[in-house]
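Only one structure is covered here, and it is reproduced in the block below.
The values are calculated or read from the model by the stated rules, or taken from the named source; none is laboratory data. Just so you know, these numbers come straight off a predicted model, no measurement behind them. Here Cβ is always computed from backbone atoms with ideal geometry, including for glycine, and neighbour counts include all displayed protein chains. Accessible surface is based on the protein model in full, side chains and every heavy atom, while ligands, DNA and RNA are left aside. Shrake-Rupley method; radii C 1.70, N 1.55, O 1.52, S 1.80 Å.
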Amino acid sequence: ESLWLISRSIVMIQYSKVVNSNELIASRKLTLELAKFSLLITLACSCILLLLPAEFFTWLFGKDFSEIKHLLIYLLPGVAFIANTNLYTHYYAGIGKNHINTIGSIVGFIFTLISCTLLIPTYHLAGAAVSSGISYFANSVFLIYLFKKESGYRWKDFLISSSEIKFGIATAKNFITRGQQF
């Protein structure tokens, strides 16, 4: 949940720009760039979480969280998918195509039902964590595929380049130190 604060914060900026824009091409470009930025920052923070010792989580949340470190490995891929997909969801909301988000949620729900039925009885908590990741992945693939089809972007445009990593770091520094917007 705490990692999703990153994408939810970025979405607030993106959504307000998309909903107030008449330029669909600019909104698509902003969405793609911020989706990659959100994914990049979330992956970096995920790596930090994975480096923390299990004892840290037990100290912070109590003995009931002793297994969280083990489960993070299964949870974090899904968290990364949602961090990326949040931008596409809000793009479609911003342009008034909420039905696409509804269909994406239905796709995710179907995958949740199937994967929970297959994985939880055998793998218990790890199965539940993987099931959520599968659901988020299915929703992500659906939304990104439609966005790609609508925008005309190529699959390679969705990959994060080294220049975008440098831009992301510089933007984050400016935002943190000066309070500038994206």
statement: Taking the convex hull of the alpha-carbon atoms of the stretch 90-182 and averaging its shadow over every direction gives an area in square nanometres of 8.6
message: Could you report the chain's accessible area per residue, 1.4 Å probe, as an integer in Å²?
response: 60
- prompt: Taking the structure as given and computing semi-axes √(5λ) of the Cα gyration tensor in Å, which label from (i) 32, 17, 15; (ii) 41, 17, 15; (iii) 29, 23, 13 fits?
  reply: (iii)
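Could you compute the net charge surrounding G168? Neighbours are other residues with a C-beta less than 14 Å from the C-beta of G168; K and R count +1, D and E count -1. Don't skip to the end; give the middle numbers.
Working: positive: K36, K166, K173; negative: E33, E164.
With Lys, Arg at +1 and Asp, Glu at -1, the neighbours total +1.
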Angle in degrees between helix 162-178 and the longest Cα principal axis of the chain, rounded to the nearest 10: 90
query: Which distance in Å, rounded to a whole number, links the C-alpha centroids of the stretch 1-56 and the stretch 81-146?
result: 17
- line: Phi angles of the stretch 29-41, converted by Karplus (6.51 cos²θ - 1.76 cosθ + 1.60, θ = phi - 60°) into ³J(HN,Hα) in whole Hz with x for Gly and Pro, give 4, 4, 4, 4, 5, 6, 5, 5, 4, 4, 4, 4, 5
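Y153: net charge of surrounding residues, Cβ under 15 Å, Lys/Arg +1, Asp/Glu -1, itself excluded? Could you put the intermediate results ahead of the total?
Working: positive: R28, K29, K36, K148, K149, R154, K156; negative: E33, E150, D157, E164.
The answer is +3.
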message: Using the Karplus curve 6.51 cos²θ - 1.76 cosθ + 1.60 with θ = phi - 60°, what ³J(HN,Hα) values do you get for each residue of the stretch 18-26, in whole Hz, with x for Gly and Pro?
response: 5, 5, 9, 10, 9, 9, 5, 5, 5
- prompt: Can you pull the percent of the chain's accessible area that's carbon plus sulfur, 1.4 Å probe, other chains left in place?
  reply: 68
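Tell me the net charge near I82. Cut-off is 14 Å between Cβ atoms, I82 excluded, with +1 for each Lys or Arg and -1 for each Asp or Glu. Walk me through the numbers on the way to the answer.
Working: positive: R8; negative: E1.
That works out to 0.
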- prompt: Using the Karplus equation 6.51 cos²θ - 1.76 cosθ + 1.60 (θ = phi - 60°), what ³J(HN,Hα) coupling, rounded to whole Hz, does each residue of the stretch 82-91 give in order, writing x for Gly and Pro?
  reply: 5, 4, 6, 6, 3, 5, 6, 4, 6, 4
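May I ask you to derive the relative contact order of the chain, considering only C-alpha pairs under 8 Å and at least 6 residues apart, and to give it as an integer percent? Walk me through the numbers on the way to the answer.
Values: 187 pairs, mean separation 46.1, N = 182.
Worked out over the chain, it gives 25 percent.
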